Structures are given as C-alpha cells and as structure tokens.
Protein chains: 2
Amino acid sequence: MAQSAEAQDFTPRQNDVLETALALLVEGGERALTTAAIARAANCSKESLYRWFGDRDGLLAAVITFQASKVRTDATGISPLTPASFRESLTIFSVDLLSVLSGPSSLALNRLAIGQASREGSPFGRLMLERGRKIIGTRAATLLEHGRQHRYLAYEDTETTYQTLYGLIVRDVHVRLLLGETINARRTDLKKQAEAAIDQFYRLYGADNQTVNTTSKETG
Amino acid sequence: MAQSAEAQDFTPRQNDVLETALALLVEGGERALTTAAIARAANCSKESLYRWFGDRDGLLAAVITFQASKVRTDATGISPLTPASFRESLTIFSVDLLSVLSGPSSLALNRLAIGQASREGSPFGRLMLERGRKIIGTRAATLLEHGRQHRYLAYEDTETTYQTLYGLIVRDVHVRLLLGETINARRTDLKKQAEAAIDQFYRLYGADNQTVNTTSKETG
DNA sequence: AATGTGCCGAACCGTACCGTACGGTACCAT
DNA sequence: ATGGTACCGTACGGTACGGTTCGGCACATT
C-alpha cells in the first residue's frame, strides 16, 4: 500500500481507468483484475498505473473509494410531513439498501475485500466498512432519529435500532449473494420484502405500541 | 475440480492432513494454503495430496466438508416440556449460531468461499451453503415447527420465520466479521444479545400476540 | 529548433505456485 | 528373497503475475 487515498479526487483520465478496472472486477472477479489486464482494457500503460496509484493495493483501494463516491446517499431529502410519508421513507431506504447490496459492483467489491481480509494489515475491509457501511448507516440514523423526534418511533439507542432494522431487511440475503447464490429479485418482490420488513420493524419500534422498547444496549 | 467429495469419509491420515490444512488456512488465509505448505506442515508429500484429493480445488472442498462434518448440530435434543424451556432452546440456538459464525474456522472458510465465488463455476459457495447453512437451518426449522405445534409460536411459513429469526440474531455482525472487524464478544454479551433477539422474535411471532402473523410469503 | 515532460507499448526480471516426476524407504504378502 | 504398494522428500517444468525499464511519440515550453 503506497499512498493513502485521502485525496480521493482523481483526474478524469484516472476516473476512466478506475471505471474500467471496476468493470473488469465485476465481470471476472479478482483473478481478472491484473495490472496488465487493466492497462490493456483502459488503453494505458502499466507505468502510468504505478505512477498514479503507486501500487496494486493502492489501485484497489482507489477502486473502492471510487465506487463508494458513486453510491453516496441518493435521495437524502426526507419529506417527513405525515406518518405515512415517514413510513414510505423507511420503505424507500429498505429498497435502496437491498438494491445496493445486491448490485454487482457491491458484491464484487465486498468479495474482494472479504477475500483479502485475512491478510494481516489488509485495509480493504476497513475501507469497505468506512466508506460503505458508515455512509448508509448515517443516512439510516438520521432517518430514525427524525422518526423518534416526531414520535413516529420509540426507541432508546439509535445504533441498536438501526441494526435491528438492518437485520429485518437484509437477513442472510447478503451473505448468500456473496457466496454466489442467484436470487431472482424482481423489483416488485424487493418492494414487498421491504414492506414486510418495515411492518415488522413498526411492530417492534412503532410509537403506538403498548410496550416500551427497553432492550438492553449491546456492547458489540 | 477432480473428484466429488461425496464419500466424505477419509482415512485418519487424510483427516490429519485436512486438520493441518484448516489450521493453516485459519492462521494465514488462502495465501498461506499452498500445496507445498500443506505438505510441509502435514509431513506428507505433494504427490500424496494429489493422489488423495486429485486437485487443489478438491483439497479445498475436502477441507470445507471436513469442517462442516465437525460442526454438525450439537445439542439437537430438544426438551420442549414448558414454554420457558422452549424459549431457552431458542436462546441456546442463537448463542450457538453466533458462536459458530464468529469462530475462526467459519470465518476463514467463508472468506475462502466468498473470495472464490466470482469464479464461474466455483463450487465452494454452493458447498458452504449446502453443508453450512442448510444444516443449521434445518435444526432451526425443526425447532420452530416444534414451537408452532405446541402453540408457543404462531406463524405461517417456516422458512420466512427462520430468516426473520436469523436477521434478528445476526444482523450485520457476520459481514462485519468477514470484513475483518474485531468484535469483543465475551460470552456474557453473546448471551445478552441472543436474549434480546429472542425477545424481539417473540414479540413478532409469539403465540400470545393479538395480531396474526400473516406476512406475505416471499419469493426470494 | 531545442529541450523537457508525460504517456504508451512492449519487453524484461524475479518470484511464487501448481502439478508432475523421480529416487529412496518402509511395510506387507507370497 | 522377491515383488508390490504406499508413501516421503525433493526437484523440475510451465505458467502467471507484480513491478521495472526502455524506446518512441506527441505536445508544450523556451
């Protein structure tokens, strides 16, 4: 690992290269992501690759941050006028979450990071958690806290509540996809699944429940 | 991939070799799992490795089935006399599930399978799903159906209910562990987390709930 | 015109690893 | 004793890949 990718702003030419590399990774997995293959596919020289990214690991890290910067938190605008619209926001969030996690880019990058996670000081896993999970987690947190402020939800700890929401939505689908299972996820099914999850979530954390949500905080 | 590992009964000597290989994989990841390293660590020759397992992939598959055969479903005996004992069984199952998933062997093998999952016809992911998830899923299914028979639980589809239970227990912990995050999972915390998950599960599927659990079946 | 810079294409080097082959050894059966 | 079998240790061929170097081209600066 040569250079920290803090700068994260690349030249257009470098962005093209990263895009090509990502496509290569999505198509053929890590085995296909050789420096020679990237240079060939991107019509650039290996020398330039090493000049720009210093290292193969640096290139991989750049690909990760590049993809993360593309995802961002689209549709952050919450229109929390009514309880129904807030619930709709939660549903939209669920669908977005499932869509992102089941997307080919996300799967390819997660597979890459997980496959490398056993390497002693491998930064890819931390990068994925930092740039991937944190972003969408933050979006969810603001959404949840918003719901609590407006008395739509009743809970104590935001992080714990978000983890429950995540579990209800994702279940073991992510790992199964990572392991290569192909799931026929038509858009309608995705929506149905999301609504079912939100329904269960409301039964646990909806403000109109008689029981208070005093689940003990976790130390994980 | 040479030979299907259907036989799954290896000679003691071969079991020793597989044990050594697994230890090697756990310690150093896939990079460390070279045929030469296995032969060196297990005091056998590479020729024997190829005679026994046919191929490097065959060896890896053998390691997977070997580890899966070690896990099995310990403590399958359910003593479902009272509602309390049934709930205790669910808690035990939760703790077992979290323990297995966070164990170093499970993490190493899942990382291996996920890292290879992009290879076109890679059988490791399917193997993991077949030998890993199915086994513990079956145990959970019998447990759940047992609870429904005794009117402790009320639900429609066993698979869907199990997936919800799984989500409540595991959340995103598995993926975070796979990505390399170190979580301080003391035994007491594990128990607390499990009990919290079961508590939530009962609020969704407990038979004493007023609402009926008619969540639409999923097509995933 | 001369010089410098950035890049491409290609060749090259060192290394790591899979798979195989070969010599040597211990054990067993005939 | 003789032959067969299974195994170990090692060495080798072939290949793939990371990283470096070199020649050449286009373009900008002076």
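The values are calculated or read from the model by the stated rules, or taken from the named source; none is laboratory data. This is a predicted model, so every value here is computed, not measured. Note that each Cβ is placed from the backbone with ideal geometry, even for glycine, and that neighbours are counted across all protein chains shown.
What to note about this one:
- Any chance B:Phe93 is aromatic (Phe, Trp, Tyr) and more than 29 Å from A:Glu30 (Cα to Cα): yes
- Of the residues in the range A:62-82, at least one is modelled with pLDDT under 95, small (Gly, Ala, Ser), in a helix (DSSP H, G or I) and away from DNA strand C (no atom under 16 Å from the Cβ).
- Meets criteria (modelled with pLDDT of 95 or more, facing chain B (nearest Cβ under 7 Å) and either farther than 17 Å from B:Thr160 by Cα or assigned to a helix (DSSP H, G or I) (or both)) for A:Leu204: yes
- Residue count for the range A:141-160, restricted to those that are more than 12 Å from chain B (Cβ to nearest Cβ) and in a helix (DSSP H, G or I): 10
- Complete set of residues in the range B:16-33 that are away from chain A (no Cβ under 14 Å) and either loosely packed, with under 15 Cβ neighbours inside 10 Å or within 13 Å of DNA strand C (Cβ to nearest atom) (or both): B:Asp16, B:Ala21
- A:Met128 meets each of the listed conditions (1) in contact with a Ser or Thr (Cβ under 9 Å, 6 or more places away or on another chain); (2) touching a residue at least 24 places away in the same chain (Cβ under 8 Å) apart from (1).
- Test: residue in the range A:38-54 that is away from DNA strand C (no atom under 15 Å from the Cβ) and touching a helix residue (DSSP H, G or I) at 6+ places or on another chain (Cβ under 6 Å): no
- Within the range B:120-144, the only residue that satisfies the criterion of being closer than 17 Å to B:Gln163 by Cα and among the acidic types (Asp, Glu) is B:Glu130.
- Of all residues assigned to the range B:74-82, none qualifies as being buried (at least 19 other Cβ atoms within 10 Å of the Cβ) and away from DNA strand D (no atom under 16 Å from the Cβ).
- Residue satisfying all of: in the range B:25-55; among the charged types (D, E, K, R) and within 11 Å of DNA strand D (Cβ to nearest atom); nearest to B:Thr11 (Cα to Cα) among these: B:Arg51
- The C-beta contact set for the range B:32-47 (first residue among the basic types (Lys, Arg), second residue within 7 Å of DNA strand C (Cβ to nearest atom) and modelled with pLDDT of 95 or more, distance under 6 angstrom, 6+ apart or interchain) comprises B:Lys46/B:Thr35.
Let's see how each residue does on (1) surrounded by 19 or more Cβ atoms within 10 Å (Cβ to Cβ); (2) in a helix (DSSP H, G or I); (3) within 11 Å of chain B (Cβ to nearest Cβ):
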| residue | (1), (2), (3) |
| --- | --- |
| A:Ala108 | yes, yes, yes |
| A:Gly115 | yes, yes, yes |
| A:Ser118 | yes, no, yes |
| A:Glu130 | no, yes, yes |
| A:Arg139 | yes, yes, no |
| A:Tyr162 | yes, yes, yes |
| A:His174 | yes, yes, yes |
| A:Thr182 | no, no, yes |
| A:Thr188 | no, yes, yes |
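- Some residue of the range A:100-122 being away from DNA strand D (no atom under 16 Å from the Cβ) and farther than 19 Å from A:Val26 by Cβ: yes
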